[in-house]
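S.K.: Structure below; questions to follow.
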Amino acid sequence: MNFGTSRASAIEKLNNFVEQNLFEYSRLRNFDYGPNNRSNISCLSPYITHGVVSELEIIKKSLNKFSFSKNEKFIQEVLWRTYWKGWLELRPAVWTDYLNELKKIREEFKDNSNYKNAIEGKTNIDCFNEWIKELKENNYLHNHTRMLFASIWIFTLGLPWQKGAEFFMKHLFDGDSASNTLSWRWVAGIQTKGKHYLAQSWNITKFTNNKYKNIKVNENALPIKDKREYKISPLQTNENFNLNEQLIVFENEINLDFVELKKYKRIYYVLLSNNARSIQLDHKVLEYKRKILDLKLAKNQNGEKLLDENTLEDVLKESESFDIIYPSIGENYSFLKQLIKKYDLKVNFIKRKEDKFCWNFSNKGYFNFKSNIPIILSNFNLN
């Protein structure tokens, strides 16, 4: 598989999918034909994750080709990421608790042979071993395969979902704190309490197009129990555009089409090294992010500069007042929050209009969110 890092490569992938394969998406989307045949899915998630293309841009392109009724399933899938981010924004303690749990579990499992065999692809489950290899080589897995993988990890191998989520974040080009963490919680049965996702031999066979047969997995496991309930926190929506002369942009939100850039004297792009991350990323993932940012920096229209955690701290100390493209709950925000507290910084967070609007529908389950998709599309003149 090949994931370019330019906007041109993302647009080409989008155009090809819409023109050639969107019509069959609803019928074929759950089939994993292997890394050499991804024609049934868009493979746009790495670009969405970093803001190379936006969800609304993709939806607009798809609606130019087909009506909403013929396109509904694809639009729903595109907006899952938006929903997950909003759900976590409303319950930030879920992210904090996840990192705290992960820290404890790491110590418990550092010498665990089952865990080591799993991440090295040395289990007795052929499909799982192949998916480990594919993930490490391509930094991508089909979405349905991710669900099957997570189910086997949790319910057949008996490993903690927190470590599985960490393993995905380490290797995925499209790794997103909200989507990844909450998807693993959903498979485990704690996102929607009592409702888990169980991989079964028949659906592994069917949706790998008969590649894997008679796979022995635990088809009778019960959901993971977690009695915690998380209260909804109010969304902070007040902000002023171009309040300051300097703008900070983290690598997961590089789309600046909604910002009047000419008012900024300096724009800083930020890529944290593993020294500043709670979850260590594979070197290929960090390099992928760097290449995306290098292309932005090459234009150098507003004195752009690339910062790491150390140079970011130096810059923040000197000025103390910035506009910041809101990076959402996750690694980047966690690090930034520490600096804001440490230096008593005055920052003005700028959020995308689509996020502020869509997140209002993320207070409940996805069924409620998707029932409001027509309202979302109408609000942005996409219906």
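The values are calculated or read from the model by the stated rules, or taken from the named source; none is laboratory data. Predicted, not measured: the structure shown is a model, and the values here were computed from it. All Cβ positions, glycine included, derive from the backbone under ideal geometry; neighbour counts span all protein chains shown.
S.K.: Name every residue in region 57-102 that is basic (Lys, Arg) and touching a residue at least 60 places away in the same chain (Cβ under 8 Å), in order of residue number.
M.R.: Pass one, region 57-102, residues basic (Lys, Arg): 60-61, 65, 70, 73, 81, 85, 91.
Those that are basic (Lys, Arg) and touching a residue at least 60 places away in the same chain (Cβ under 8 Å): Lys60, Arg81, Lys85, Arg91.
S.K.: Scan region 154-202 for residues that are assigned to a loop (DSSP other than H, G, I, E, B), under 23 Å from Ile125 (Cα atoms) and of a type outside the set (A, V, I, L, M, F, W, C) and jot them down.
M.R.: Just the residues of region 154-202 that are assigned to a loop (DSSP other than H, G, I, E, B), to begin with: 157-160, 172-176, 189-200.
Narrowing the set further to residues that are under 23 Å from Ile125 (Cα atoms) leaves 157-160, 172, 189, 196-200.
Within region 154-202, Gly158, Pro160, Gly189, His196, Tyr197, Gln200 meet the criteria.
S.K.: Next up: Take region 26-42 and flag every residue that is of a type outside the set (Ser, Thr, Tyr) and surrounded by fewer than 20 Cβ atoms within 10 Å (Cβ to Cβ).
M.R.: So in region 26-42, the residues of a type outside the set (Ser, Thr, Tyr) come out as 27-32, 34-38, 40-41.
If the condition is that a residue be of a type outside the set (Ser, Thr, Tyr) and surrounded by fewer than 20 Cβ atoms within 10 Å (Cβ to Cβ), then Arg27, Leu28, Arg29, Asn30, Phe31, Gly34, Pro35, Asn36, Asn37, Arg38, Asn40 are the ones that fit.
S.K.: Here's a follow-up. Of the residues Asn220, Asn240, which single one is at pLDDT 95 or above, outside any strand (DSSP E or B) and surrounded by fewer than 18 Cβ atoms within 10 Å (Cβ to Cβ)? Let's see the steps before the verdict.
M.R.: Details: Asn240 fails: at pLDDT 95 or above.
Selected residue: Asn220, the only one of Asn220, Asn240 that is at pLDDT 95 or above, outside any strand (DSSP E or B) and surrounded by fewer than 18 Cβ atoms within 10 Å (Cβ to Cβ).
S.K.: Moving on. Can you tell me which residue among Lys116, Lys122 is outside the structural domain of Lys289 (by TED's automatic domain parsing), modelled with pLDDT of 95 or more and part of a helix (DSSP H, G or I)? Explain how you work it out, then say what you get.
M.R.: Working: Lys122 fails: part of a helix (DSSP H, G or I).
It is Lys116.
S.K.: Being more than 29 Å from Leu286 (Cα to Cα) and either in a helix (DSSP H, G or I) or in the same structural domain as Ile329 (by TED's automatic domain parsing) (or both) narrows it down to one residue among Glu12, Glu107, Glu72, Glu57; which is it?
M.R.: Going through Glu12, Glu107, Glu72, Glu57 in turn, just one is more than 29 Å from Leu286 (Cα to Cα) and either in a helix (DSSP H, G or I) or in the same structural domain as Ile329 (by TED's automatic domain parsing) (or both): Glu72.
S.K.: Would you check which residues across region 10-22 are over 14 Å from Val78 (Cβ atoms) and surrounded by 15 or more Cβ atoms within 10 Å (Cβ to Cβ) and list them?
M.R.: The initial filter retains those residues of region 10-22 that are over 14 Å from Val78 (Cβ atoms), namely 11-12, 15-16, 19-21.
Hits for region 10-22 are Ile11, Asn21.
S.K.: For a quick check of your reading of the model, give me the residue pairs whose first member lies in region 23-34 and is on the phi < 0 side of the Ramachandran plot, whose second is outside any helix (DSSP H, G or I) and small (Gly, Ala, Ser), with beta-carbon atoms closer than 9 Å and at least 6 apart or on different chains.
M.R.: Close Cβ pairs satisfying both conditions: Glu24/Ser39; Tyr25/Ser42; Leu28/Ser39; Tyr33/Ser39.
S.K.: Would you point out which residue out of Leu271, Leu261 is buried (at least 18 other Cβ atoms within 10 Å of the Cβ) and in contact with a strand residue (DSSP E or B) (Cβ under 9 Å, 6 or more places away or on another chain)?
M.R.: Values: Leu261 fails: buried (at least 18 other Cβ atoms within 10 Å of the Cβ).
Result: Leu271 is the single residue among Leu271, Leu261 that is buried (at least 18 other Cβ atoms within 10 Å of the Cβ) and in contact with a strand residue (DSSP E or B) (Cβ under 9 Å, 6 or more places away or on another chain).
S.K.: Another question, then. Just checking, which of Arg38, Arg29, Arg81 is among the basic types (Lys, Arg) and either assigned by TED's automatic domain parsing to the domain that holds Lys289 or within 22 Å of Ile292 (Cα to Cα) (or both)?
M.R.: Details: Arg38 fails: either assigned by TED's automatic domain parsing to the domain that holds Lys289 or within 22 Å of Ile292 (Cα to Cα) (or both); Arg29 fails: either assigned by TED's automatic domain parsing to the domain that holds Lys289 or within 22 Å of Ile292 (Cα to Cα) (or both).
Answer to the selection: Arg81.
S.K.: Further question: What is the one condition in (1) closer than 17 Å to Ala178 by Cβ; (2) β-branched (Val, Ile, Thr); (3) over 17 Å from the mean Cα position of the chain (by Cα) that Ile279 does not satisfy?
M.R.: Exception for Ile279: condition (3).
S.K.: Now, a different point. From Leu307, Leu312, Leu256, grab the single residue that is at pLDDT below 95 and surrounded by 13 or more Cβ atoms within 10 Å (Cβ to Cβ). Walk me through how you get there before you give the answer.
M.R.: Values: Leu307 fails: at pLDDT below 95; Leu312 fails: at pLDDT below 95.
The unique qualifying residue is Leu256.
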